[in-house]
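Visitor: This is the structure I want to talk about, given as structure tokens.
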Amino acid sequence: QVQLVESGGGLVQAGGSLRLSCAASGRTFSTYRTAWFRQAPGKEREFAAAISRSGAATEYADSVKGRFTIARDNAKNTVYLQMNSLKPEDTAVYYCRVFERWGSWYSSLVGSWGQGTQVTVSS
């Protein structure tokens, strides 16, 4: 089973950028579809972005579309989330997970939630 560790979060001003990393160990990472989720204080965890095993296909939540870009480097066993034009409402803990069925972001998750990485956007 693959293990995932998120990193790259921090404090940034509105309009700024951050790049999150999701490093994998264990089984070959390239066999897994991967997604980023986020959970803001007092809110439900929500889907943010997903990427296919090869990286050819991506999907984004409407709230991040046009500002966030998901990418992967299978040689480095890492998935990235480039976040630009950040807004205070992007403040959340960000998590990466692997999943089995495209479009079934929540119902086909594999493994468990990690620690995540905190992103705080100041106004």
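Visitor: If the cut-off is 29 Å between C-alpha atoms, which lysines fall inside it for K76, apart from same-chain ones fewer than 8 positions away?
Guide: The qualifying lysines are K65.
Visitor: In a shell of Cβ-Cβ distance under 12 Å around E89, excluding E89 itself, what net charge do Lys and Arg (+1) and Asp and Glu (-1) give?
Guide: Working: positive: R38, K43, R67, K87; negative: E46, D90.
For residues surrounding E89, the net value is +2.
Visitor: Suppose the chain between L11 and R101 were pulled fully straight at 0.36 nm per residue; how much longer would it get relative to their current alpha carbon spacing? Please list the in-between numbers first.
Guide: Working: separation 90, 0.36 × 90 = 32.40 nm, distance 3.33 nm.
Full-extension gain reported as 29.1 nm.
Visitor: For segment 1-70 and segment 75-94, compute the distance between their C-alpha centroids and round to whole Å.
Guide: Segment 1-70 and segment 75-94 have Cα centres spaced 6 Å from each other.
Visitor: State, as an integer percentage, the relative contact order of the chain based on alpha-carbon contacts under 8 Å between residues 6 or more apart. Numbers along the way, then the final one.
Guide: Values: 295 pairs, mean separation 42.4, N = 123.
About 34 percent, as a whole number.
Visitor: Would you please classify the overall shape of segment 1-49 from the alpha carbon gyration tensor, given that a ≥ b ≥ c denote the square roots of the eigenvalues, rounded means a/c under 1.5, and beyond that prolate means a/b larger than b/c while oblate covers the rest? Can you show the working numbers first?
Guide: Values: a/c = 2.54, a/b = 1.67, b/c = 1.52.
Verdict is prolate for segment 1-49.
Visitor: With a point put 7 Å past each Cα toward its Cβ, work out how far R45 is from S122 in nm, to one decimal.
Guide: Calculated label separation equals 2.9 nm.
Visitor: How high is the relative contact order of segment 1-70? Use alpha-carbon pairs under 8 Å, at least six apart in sequence, and give a whole percent.
Guide: Values: 88 pairs, mean separation 15.0, N = 70.
Rounded, it is 21 percent for segment 1-70.
Visitor: Over the chain, give the accessible area per residue in Å² for a 1.4 Å probe, as an integer.
Guide: Numbers: 6180 Å² over 123 residues.
Roughly 50 Å² per residue, with all protein chains present.
Visitor: With a ≥ b ≥ c the root eigenvalues of the C-alpha gyration tensor of the chain, is it rounded (a/c under 1.5), prolate (a/b larger than b/c) or oblate?
Guide: Values: a/c = 1.64, a/b = 1.59, b/c = 1.03.
Here the chain falls in the prolate category.
Visitor: To the nearest 0.05, how large is the calculated FRET efficiency for K76 and L109 if R₀ is 25 Å and r is the Cβ-Cβ distance? List each step's numbers first, then the result.
Guide: Details: r = 23 Å, r/R0 = 0.91.
Approximately 0.65, to the nearest 0.05.
Visitor: Can you give the local net charge around A23? Use residues other than it whose beta-carbon is closer than 12 angstrom to its beta-carbon, Lys and Arg +1, Asp and Glu -1.
Guide: Details: positive: R72, K76; negative: E6, D73.
Here the charged neighbours net out to 0.
Visitor: Further question on the same structure: What number comes out for the charge environment of Y80, summing +1 per Lys or Arg and -1 per Asp or Glu over other residues with Cβ under 10 Å away?
Guide: Values: positive: R19, R72, K76; negative: D73.
Every neighbour counted, the sum reads +2.
Visitor: Let me ask something else about it. For a test of the definition: using alpha carbon positions, the gyration tensor, and the 1.5 limit on a/c, classify segment 48-118 as rounded, prolate or oblate.
Guide: Since a/c stays below 1.5, the shape of segment 48-118 is classed as rounded.
The values are calculated or read from the model by the stated rules, or taken from the named source; none is laboratory data. Just so we're clear, the structure is a prediction, and the values are computed from it rather than from any experiment. Every residue, glycine as well, gets a Cβ built from its backbone with ideal geometry; the counts of neighbours run over all protein chains shown. Accessible surface is based on the protein model in full, side chains and every heavy atom, while ligands, DNA and RNA are left aside. Shrake-Rupley method; radii C 1.70, N 1.55, O 1.52, S 1.80 Å.
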